[in-house]
Amino acid sequence: MSDLRDLYQEVILDHSRSPRNFGHHEPSNREAKGNNPLCGDKFTVYALVEDGIVKDVSFEGRGCAISTASASLMTELVKGKTEEQAKAMFECFHQLVTADKDEPLDEALDKLNVLAGVRGYPMRVKCATLAWHTMNAALEGTDDTVVTE
Amino acid sequence: MPDTAPRPNDAARFDLAAVRDQFPILKQPSHGKPLAFLDSAASAQKPQIVIDAVSDTYARQYANVHRGVYELSERASAAYEAVRGKTKGLINAARDDEIVFTSGTTEGINLVAQSWGRANLGPGDEVLITEMEHHSNIVPWQMLRDEKGIVLKVVPFDADGALIMEEFEKLLGPRTKLVAVTQVSNALGTILPLDRIIPLAHDAGALVLVDGAQGIPHLPTDVRALGCDFYAFSGHKLYGPTGTGALYCRSDLLADLPPWMGGGDMILSVTFEKTEYAAPPHKFEAGTPNIAGTIGLGAAIDWFAALDHEGLAAHEADLLAYGTERLMEVPGVRLIGTAPDKAAVISFVLDYAHPHDVGTILDQQGVAVRTGHHCAQPVMDHFDVAATVRASFGAYSSRDDIDALVAALGEVRELFG
């Protein structure tokens, strides 16, 4: 059970039960769909980008606790950042959940360290990264559905 | 549930300990716990005798088949071809040459679609499938629809996951050329009433393809008694190696089918002007086949045939009944698939945890279940779920496995409930 508590920390359970920025916030001018065919999880991420700033970001869809919490945390962190900062966060987060070494993220991204436990569960990394890939695609303006497989 | 009620005498007679003892993987712990392997519907584990048959082939009698005149090739060819007879016996086909070796059910269905389908179906011709088909019995027909303009019709199932026979009869019409139907639903466990479906289809002038991937490990299968025209199954779900399987096709039908893959081993003679094809079944087996795997499939068929089948049926019925009863005790469980006639497969969801999270937590307790859409997304859509947790049983499964599952679900509840 102690191992599982590393994965399912209280913060994750909280965000999965009460996801932040859930539901389509309007207005928005960017959106992308993400799909994890392994488990059937599907998210749509909406963003309002003005003058290079991600002024608002929201998501809807359904997924497991890991993917939902990660999506929720993503919206909190990305909101108010520049597009470049948001994309850089995506890269940092990807490193966090896939890297071999245990290197905590810097202070700005400290909130995401709760998801580092996913590293121990390779089959679940795609759950954690689904919303991030989708956010990245929304910012890139890619129309294709993002598939994490 | 009259058909799934435990018959304690038969079930007790089944020598479970002796069966389990033959599966080395079951002796290996998982996360420090005894392995409770509940994913046999995805792929069954292998008894030692199958593992030995594959490794002995490579160690003692391996060479390419149907080619060499030397002793090793003759022995490998004889061992490989002998599996045709074993497969014929398993499903009670009439002749050895009605058995085409394939890489599995998926290849068997694609063979029918690409060979029989392309030669015999045209615009407006209808193929009838069911709402509970595996993707492998949907997509090949959609590919043919896009190429040939055939019409794909889908027979719905009811709230329990039983096929609605009235709808089947309504959809069956003069344009129906093929009914392609599963024997047992992989996601729901439903056993389809083939004894009613096949005569109705034939009366309407349609042929019948049966997807036997999930049926053959659980049900006695006699293709002549069923009267089906095509029957496809996979070796790996029948305790045999991956990449093996067979397609049964009635010999009079098989004789007229065009080849679907060209290559070596399927020809009589080749010049740049013209090729003469080998007779069936070799006409459908281009290239070097899965020699060792198929010999392993032969060992699996022998092993399976030697089981006490009344005892096995009673054992699996007991697992289904016991598993259903224990799961119903778990708070927040909703069973997906409650048809009166079911094989030993239980799909469910919890109202407080996503199947994927459930799967990870169960795994930590040594319980291996399948979580996801089970390659049957239309079934998930029917029940408005993205995924389910599926516990599926094999000959080696035990009540202890079910107890481990239910105990591990307690851990899920502790975290998420």
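The values are calculated or read from the model by the stated rules, or taken from the named source; none is laboratory data. Given the structure is predicted, the values throughout are model-derived calculations rather than measurements. All Cβ positions, glycine included, derive from the backbone under ideal geometry; neighbour counts span all protein chains shown.
Does B:Phe383 fit the bill of being farther than 22 Å from B:Leu16 by Cβ, within 13 Å of chain A (Cβ to nearest Cβ) and aromatic (Phe, Trp, Tyr)? It is true that B:Phe383 is farther than 22 Å from B:Leu16 by Cβ, within 13 Å of chain A (Cβ to nearest Cβ) and aromatic (Phe, Trp, Tyr). The condition of being modelled with pLDDT under 90 and buried (at least 20 other Cβ atoms within 10 Å of the Cβ) holds for only one of A:Leu73, A:Leu112, A:Leu139, that being A:Leu112.
Screening the candidates B:Ala94, B:Ala119, B:Ala162 for the property of being out of contact with any Asp or Glu (no Cβ under 9 Å at 6 or more places or on another chain) and in contact (Cβ under 8 Å) with a residue 24 or more places away in the chain yields one hit, B:Ala94. B:Met132 meets the conditions (1) over 25 Å from B:His236 (Cβ atoms); (2) not in a helix (DSSP H, G or I) in every case but one. The failed one is (1).
In region B:101-111, is there at least one residue being under 25 Å from B:Ala255 (Cβ atoms), in the same structural domain as B:Asp158 (by TED's automatic domain parsing) and assigned to a loop (DSSP other than H, G, I, E, B)?
yes
Restricting region B:250-283 to residues that are assigned to a strand (DSSP E or B) and of a type in the set (Val, Ile, Thr), which is nearest to B:Gly108 (Cα to Cα)? Among residues in region B:250-283 that are assigned to a strand (DSSP E or B) and of a type in the set (Val, Ile, Thr), the one nearest to B:Gly108 (Cα to Cα) is B:Ile267.
Residues are listed down the side, and each one gets a yes or a no for (1) at pLDDT 95 or above; (2) within 13 Å of chain A (Cβ to nearest Cβ):
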residue: B:Pro340; (1), (2): yes, no
residue: B:Leu362; (1), (2): yes, yes
residue: B:Ala376; (1), (2): no, yes
residue: B:Thr388; (1), (2): yes, yes
residue: B:Gly410; (1), (2): yes, yes
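Scan region A:81-95 and give yes if some residue there is modelled with pLDDT of 90 or more and of a type in the set (Gly, Ala, Ser), otherwise no. Within region A:81-95, one or more residues are modelled with pLDDT of 90 or more and of a type in the set (Gly, Ala, Ser).
For region B:25-52, filtering for residues that are outside any loop (DSSP other than H, G, I, E, B), touching a residue at least 60 places away in the same chain (Cβ under 8 Å) and not hydrophobic (A, V, I, L, M, F, W, C) leaves 4. Tallying residues that are over 13 Å from B:Ile99 (Cβ atoms), of a type in the set (Ser, Thr, Tyr) and assigned by TED's automatic domain parsing to the domain that holds B:Glu107 within region B:279-323 yields 1. Take the residues in region B:255-272 that are in contact with a helix residue (DSSP H, G or I) (Cβ under 6 Å, 6 or more places away or on another chain) and at pLDDT 90 or above, then tell me which one is surrounded by the fewest Cβ atoms within 10 Å (Cβ to Cβ). It comes out as B:Pro258.
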